[in-house]
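Reviewing the structure listed below.
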Amino acid sequence: MPYSQQIKPISYFKDNSAKVIAEIRQTRELLIITQNGEATCVVQDIHSWEQTQQTIALLKILALGRQQVERGEYSSAKSVFAKLDEDMDGIGGTPE
């Protein structure tokens, strides 16, 4: 649904909140609420919100990793696996 159809005044939300929430839960689309003609908040179902939060967390991890690479703070895969092998030998076992 285009965003233009997902924008409603707060009075509409107040009058139709149960219907609006049922639609949002079913469609998993957000609703932008306006107050005095300006967008003031977004109503979103919890599953979409959680997915958005997980996506943001992953993007933050990727950004941190990129910054580390740019600063030269990384190890080659070969050296990482060699270190893992050493650690496994040190505890008396090898991975199967």
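Mind listing the long-range amide H neighbours of T34? Cut-off is under 5 Å, sequence gap 5 or more, other chains count too, H placed in the peptide plane at 1.01 Å from N.
So T34 has HN proximity to K8, I10, T40.
Using the Karplus curve 6.51 cos²θ - 1.76 cosθ + 1.60 with θ = phi - 60°, work out ³J(HN,Hα) for each residue of the range 61-78 in order, rounded to whole Hz, and write x for Gly and Pro.
My calculation for the range 61-78 gives 4, 4, 5, 5, x, 5, 4, 5, 5, 4, 8, x, 8, 8, 10, 6, 4, 4 Hz in order.
Spelling out what I want: for every residue of the range 46-53, take phi, set θ = phi - 60°, compute 6.51 cos²θ - 1.76 cosθ + 1.60 (Karplus), and round to whole Hz; glycine and proline get x.
Here the 3J(HN,Hα) series is 5, 5, 5, 4, 4, 4, 4, 5 Hz.
Taking 8 Å as the Cα distance limit and 6 or more residues as the minimum spacing, I'd like the relative contact order of the range 1-44 as a percentage.
38
Set the Förster distance to 25 Å, then compute FRET efficiency between L64 and I7 from the Cβ-Cβ distance, nearest 0.05.
E(calc), rounded to 0.05, equals 0.10.
So what are the ³J(HN,Hα) numbers for the range 11-21, from phi and the Karplus equation (6.51, -1.76, 1.60; θ = phi - 60°), rounded to whole Hz, Gly and Pro as x?
Values per residue, Gly and Pro as x: 5, 5, 4, 4, 6, 10, 4, 5, 5, 4, 5 Hz.
Just so you know, all these numbers are worked out from the coordinates, no wet-lab data involved. Being a predicted model, the structure only gives us computed values, none of them experimental. Every residue, glycine among them, receives a Cβ derived from its backbone with ideal geometry; neighbour counts consider all protein chains shown.
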